[in-house]
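Novice: Quick one: this structure, given as structure tokens, is what I'll be asking you about.
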């Protein structure tokens, strides 16, 4: 998005140089230089696409020879100098990957319910049920995984 009284061509050139630098380092990167959308719309669109890290360059960043990186997972923003940009971006992407994985694993584990006997509650229809070996033998639910088994279900 063009800034008033700013060196927009210099900002676009810096964006192109950083995209090329990241591509050479094996990091997928893309510049969004569309003028017909607002910044908020662009940010939202790229977040919905699943882009984990957004790099912003403005007139102050250009003058200070730095970029601002915004995390998708936490919303945190940090300034990174152009000198160690590739190393810092790789670290940030690894951290974001680990954070997203840990959050997904915690959400998955919160939905798993271990069933030891039939009389335990099967009230949570969104849960994933893990039947112990003893419960499988007693209930005969080996073929009913993924269904809501009943004591009279076919074995």
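Novice: Of all residues in region 83-96, which are over 20 Å from the mean Cα position of the chain (by Cα) and in contact (Cβ under 8 Å) with a residue 24 or more places away in the chain?
Specialist: Answer for region 83-96, where residues must be over 20 Å from the mean Cα position of the chain (by Cα) and in contact (Cβ under 8 Å) with a residue 24 or more places away in the chain: just 85.
Novice: So, one more: Run down 86, 67, 103 and say which single residue is assigned to a helix (DSSP H, G or I) and under 23 Å from residue 32 (Cα atoms). Break it down stepwise before answering.
Specialist: On the way: 67 fails: assigned to a helix (DSSP H, G or I); 103 fails: under 23 Å from residue 32 (Cα atoms).
Answer to the check: 86.
Novice: Could you tell me whether region 12-26 includes any residue that is in contact with a helix residue (DSSP H, G or I) (Cβ under 6 Å, 6 or more places away or on another chain), in a helix (DSSP H, G or I), in the same structural domain as residue 93 (by TED's automatic domain parsing) and modelled with pLDDT of 90 or more?
Specialist: The answer is yes, given that some residue of region 12-26 is in contact with a helix residue (DSSP H, G or I) (Cβ under 6 Å, 6 or more places away or on another chain), in a helix (DSSP H, G or I), in the same structural domain as residue 93 (by TED's automatic domain parsing) and modelled with pLDDT of 90 or more.
Novice: Among the candidates 75, 58, single out the residue that is under 16 Å from residue 11 (Cα atoms) and at pLDDT below 90.
Specialist: Only one candidate passes the filter, namely 58.
The values are calculated or read from the model by the stated rules, or taken from the named source; none is laboratory data. In this text, all values refer to a predicted model and were calculated from it rather than measured experimentally. We place every Cβ from the backbone using ideal geometry, glycine too, and count neighbours over all the protein chains shown.
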